[in-house]
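Reviewing the structure listed below.
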């Protein structure tokens, strides 16, 4: 078919075809054979797609993301993003790995074989994110080695323990050695000699840059900069000056963590291309960062281009402004109905707790100042505050009038009964409680409340529905979003997930919550590697000192 | 050391350090630890190299070459090119593979472990180059699979059988499948749909481009263009417009076949950088094509850059015009004396022929036109001529007065006694004969002469010295260059090889030879994949028809 001796399966005729290699728009046909591009030139085909006046570009590839952030099973995720032009993603499955270990990753990887979206994985390097967190069980180097044997697993995922790497921690270096030089980085704010040490360990990408200066240093250190535009962290605008300065080379787009609402409203990788172009980047440069470049970084040699031998993941775009494809070919075929995947019972029964009661959330207290987690709007870092909680019957109590709420993390994998207790400021709840099994990275149950009894009820309800998000007032469930798969994913369609999510936010508002995205933020309060004060089932973590600290400021 | 907590082994201070990633000159130190770059920044070291006012760049990497073309053993080759700044080469060992099979390749690969130059290999895909040639034995897919198991062997070497690939020959496709997408191409003049078919087979580079138009088509087809400047084929000037048009991306420098005299006089990869800059390419673009880019194409993730974790192959250049390093660090150390390698007997006894006599070169002839190989000056393609040789005693004779000489190829691996006979025009010999075991690709003995007896003597002498180049007049040896290793390589130092080579050219001149580089050209007359008329031990090959043809024009 490439020789033109035989009719191609499909030919896209008359369009402007983007060459990611030369950044030209070529007036050429694209001949497709057996799911691959056979050739560019003048071809005839058994089926002809007319693309006169249209732009024909390769499918978009997401350089780094977590499927679990979409709260969707991969079939529903594919139904959502394929029409937006995302034809491949490189995922770090560390959320499900914390809950279900390598079994969960293998299950997810098997599931991905059933959907037309290409899903590649990086083996999750940091399960748990730190010793202060309690996943079902940690992944050790042997586990990682096993995952890396799968063809779909192409490297080691974001090495979040950057202090460990910089310090030369032999355990981290042992993991790095497993994947040679294909390791994604995660080094927020790391600069200067620390960055040199991190890169010298063989880590060649980072998606945590917030400034062009950070990006510049990473490029000079031989690292790829994966430009992230997640639901929370949005770095695109800040990093586009790098494109102007150095061209699009060694820069690639990624979405990291996108909520389902965000994707439904704004789009996926295509929204980054759209925004970059709106901000003045040339469409050609933006497209290269969304197509070829993620594939160059990840060594996906058959994806990211329209050239002979490349998989025929093709978008037909009516314009170079909206980047909303009017046709998506995945491996040469239009995306048709995607079958629903089967979900086995064992991935659904993951909330294992001892029954909890009101007294489990009581904090014996003799008075004095307590450490308080302070939210910072629009960010996942927190402040380490101090305040004196009211004392009743020998217990420290929340004080909604001063926006001083209780927070707890309940270990939920092994029924250990372990509960970390503390205070948080910023949500603004006047009553009730809200709880969730989305609580990075170990995904124990995080619960915030103005009332111990409602906190207990919320946690119990979470256990009853097998995980999810729950809002409780006066012992009654006001709204809930069941996430029965690992306590992270719904098995329902997008619309239902979005509706459930919105109902929970509404119910939180009704409790007085003033914080914009309360559950998204609550989910990061247990992540012990983001400064400054966090909480896990083991207690409060001072992330800057990287140690557990008591609730009482004066103790010790 | 990267953290700066400990003194680095070596620090290069005060220079302008080239970032291949951002194409900037950075005012920074380079800290070296254990042969690798630990970091860029301000560092102190146990040893300090002062580079004030100098340019500090990564070592040069040759993207495609044949070690055997230098006629030197790899230790002597390393002595020659390391001071010129070449710190790594990617070699196709197909010359030695034709003579010594995989054994020879393994021996050469083992030898390379003893020299400080980094030598990587591509597994030779086309041994023999065609079915018309007689190597010791062909390499089959099992042989290639075995070679590819070696760490030093990183892909499949130039797929010279481009007609076979384009035609979908299952034997060639089987070989391609062994190396996934890391296959070097060789597709002279292939354009249009044929090129699409060649690229669709997974071949992603070509070093045979002669024109920018060919290069442009290859880039658009997703292929790397390896810009070649060999002793014979010189394509640099013709291809530099691609750099201006598209930037240096997916372009890399290679030397392919360089004679020892050429390297000694002009240089190695550094001469390409020098010439490119002289022709108007920016030093930064030229350097990228000589450092990072060959490594990107070949997946050499620790070479080609000065950044943390990269091997400390460093050149200190006094200027950006001559590109003659005043200091070369290989893996962080100055290149010191390189020990002579040991050469075992078995690689030296490779000329196995039946004794030849004058009558072996006689051609029974009844008159009429014969096919004649016509040299084309400065090229390795030939013309298919016709002429009537004089007939004496029933034999066709040479006619030096009309520059009609005899040419023969004597099978020399398995003593088969097979000799191909024909005529050649262009050398201008008036008497005597010249013979060589350098006769691409099978490296049988090629001999050209004005006298059958001298031809026989030359071949006998070749056998006596175990291979090499010989010039004979009136049964006496006038000059010779022994190449005892596989009949391809000398075990002598460069100066001796150059002197021997020059003596042979002088002796050929004394016989009346008018052709500029007679032995270099004679070496390609047996290469059955370069048009138009060639000769092997099996007879004349019409390369355009790709079949053996009889000497007599009128027969059949």
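The values are calculated or read from the model by the stated rules, or taken from the named source; none is laboratory data. Keep in mind it's a predicted model, so treat the numbers as computed, not measured. Note that each Cβ is placed from the backbone with ideal geometry, even for glycine, and that neighbours are counted across all protein chains shown.
Among strands (runs of 3 or more DSSP E) entirely within the range B:371-442, having at least 2 residues that are on the phi < 0 side of the Ramachandran plot, in contact with a helix residue (DSSP H, G or I) (Cβ under 9 Å, 6 or more places away or on another chain) and in contact (Cβ under 8 Å) with a residue 60 or more places away in the chain singles out B:405-410, B:419-425, B:433-436. Using the structure shown, decide if residue B:248 is within 14 Å of chain A (Cβ to nearest Cβ), in contact (Cβ under 8 Å) with a residue 24 or more places away in the chain and assigned to a helix (DSSP H, G or I). No.
Yes or no: the range A:268-288 includes at least one residue that is crowded, with 23+ Cβ neighbours inside 10 Å, in contact (Cβ under 8 Å) with a residue 60 or more places away in the chain, in a helix (DSSP H, G or I) and within 14 Å of another protein chain (Cβ to nearest Cβ). Yes, the conditions are met somewhere in the range A:268-288. Could you go through the range B:136-155 and let me know if any residue there is closer than 22 Å to residue B:295 by Cα, in a loop (DSSP other than H, G, I, E, B) and touching a helix residue (DSSP H, G or I) at 6+ places or on another chain (Cβ under 9 Å). Yes: one or more hits.
The set of residues in the range A:4-57 being surrounded by fewer than 18 Cβ atoms within 10 Å (Cβ to Cβ), touching a helix residue (DSSP H, G or I) at 6+ places or on another chain (Cβ under 7 Å) and touching a residue at least 24 places away in the same chain (Cβ under 8 Å) is empty.
For the range A:493-506, the tally of residues that are buried (at least 16 other Cβ atoms within 10 Å of the Cβ) and without any contact (Cβ under 8 Å) to a residue 60 or more places away in the chain stands at 3. When A:187, A:199 are screened for being at pLDDT below 95 and within 14 Å of chain B (Cβ to nearest Cβ), only A:187 passes.
Scanning the range A:290-336 for residues that are in contact with a helix residue (DSSP H, G or I) (Cβ under 9 Å, 6 or more places away or on another chain), part of a loop (DSSP other than H, G, I, E, B) and more than 14 Å from chain B (Cβ to nearest Cβ) turns up A:320, A:321, A:322, A:323, A:324, A:325, A:335.
Here is a yes/no grid of residues against (1) out of contact with any strand residue (DSSP E or B) (no Cβ under 8 Å at 6 or more places or on another chain); (2) crowded, with 23+ Cβ neighbours inside 10 Å; (3) more than 28 Å from residue B:474 (Cβ to Cβ):
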| residue | (1), (2), (3) |
| --- | --- |
| B:352 | yes, no, no |
| B:369 | no, no, yes |
| B:377 | yes, no, yes |
| B:381 | yes, no, yes |
| B:384 | no, no, yes |
| B:408 | no, yes, no |
| B:425 | no, no, no |
| B:431 | no, no, no |
| B:436 | no, yes, no |
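Whether any residue in the range B:113-132 is crowded, with 22+ Cβ neighbours inside 10 Å, without any contact (Cβ under 8 Å) to a residue 60 or more places away in the chain and in a loop (DSSP other than H, G, I, E, B) is what I want to check. Taking every residue of the range B:113-132 in turn, at least one turns out to be crowded, with 22+ Cβ neighbours inside 10 Å, without any contact (Cβ under 8 Å) to a residue 60 or more places away in the chain and in a loop (DSSP other than H, G, I, E, B).
Restricting the range B:165-181 to residues that are within 18 Å of residue A:2 (Cα to Cα) and in a loop (DSSP other than H, G, I, E, B), the residue that is modelled with the lowest pLDDT is B:181. When the criteria are applied in full, residue A:68 meets the requirement of being in contact with a strand residue (DSSP E or B) (Cβ under 8 Å, 6 or more places away or on another chain), part of a helix (DSSP H, G or I), touching a residue at least 60 places away in the same chain (Cβ under 8 Å) and over 21 Å from residue A:273 (Cα atoms). In the range B:528-542, the qualifying residues are those that are farther than 17 Å from residue B:405 by Cα and surrounded by fewer than 22 Cβ atoms within 10 Å (Cβ to Cβ), and the one that is nearest to the chain's Cα centre (by Cα) is B:530.
For the range A:154-185, filtering for residues that are in contact with a strand residue (DSSP E or B) (Cβ under 8 Å, 6 or more places away or on another chain) and farther than 15 Å from residue A:200 by Cα leaves 6. Of all residues assigned to the range B:83-96, at least one qualifies as being in a strand (DSSP E or B), in contact with a helix residue (DSSP H, G or I) (Cβ under 9 Å, 6 or more places away or on another chain) and free of Cβ contacts under 8 Å to residues at least 40 places away in the same chain. When you scan the range B:216-231, do you find a residue that is in contact with a helix residue (DSSP H, G or I) (Cβ under 6 Å, 6 or more places away or on another chain) and surrounded by fewer than 22 Cβ atoms within 10 Å (Cβ to Cβ), even just one? Checked against the condition, which is being in contact with a helix residue (DSSP H, G or I) (Cβ under 6 Å, 6 or more places away or on another chain) and surrounded by fewer than 22 Cβ atoms within 10 Å (Cβ to Cβ), the range B:216-231 yields at least one hit.
Scanning the range A:398-405 for residues that are under 27 Å from residue A:99 (Cβ atoms) and at pLDDT 95 or above turns up at least one hit. The conditions of being touching a helix residue (DSSP H, G or I) at 6+ places or on another chain (Cβ under 9 Å) and more than 30 Å from residue A:553 (Cα to Cα) are not met by residue A:466. If the condition is being at the interface with chain B (Cβ under 9 Å from one of its Cβ atoms), closer than 20 Å to residue A:287 by Cβ and in a strand (DSSP E or B), then the range A:1-52 contributes A:19, A:24, A:26, A:37, A:40. Restricting attention to the range A:196-214, the residues that are out of contact with any helix residue (DSSP H, G or I) (no Cβ under 6 Å at 6 or more places or on another chain), within 13 Å of residue A:165 (Cα to Cα) and in a helix (DSSP H, G or I) add up to 3.
Taking (1) within 14 Å of another protein chain (Cβ to nearest Cβ); (2) over 28 Å from residue B:58 (Cα atoms); (3) touching a strand residue (DSSP E or B) at 6+ places or on another chain (Cβ under 6 Å) in turn, residue B:133 satisfies each apart from (1).
May I ask you to list the residues in the range A:152-175 that are within 14 Å of chain B (Cβ to nearest Cβ) and in contact (Cβ under 8 Å) with a residue 40 or more places away in the chain? The answer is A:154, A:155, A:159, A:163. Residues that are outside any strand (DSSP E or B), more than 9 Å from chain B (Cβ to nearest Cβ) and out of contact with any strand residue (DSSP E or B) (no Cβ under 7 Å at 6 or more places or on another chain) do not occur anywhere in the range A:218-227. One residue is enough: does the range B:252-267 have a residue meeting the conditions part of a helix (DSSP H, G or I), surrounded by 19 or more Cβ atoms within 10 Å (Cβ to Cβ) and within 14 Å of chain A (Cβ to nearest Cβ)? No, the range B:252-267 has no match at all.
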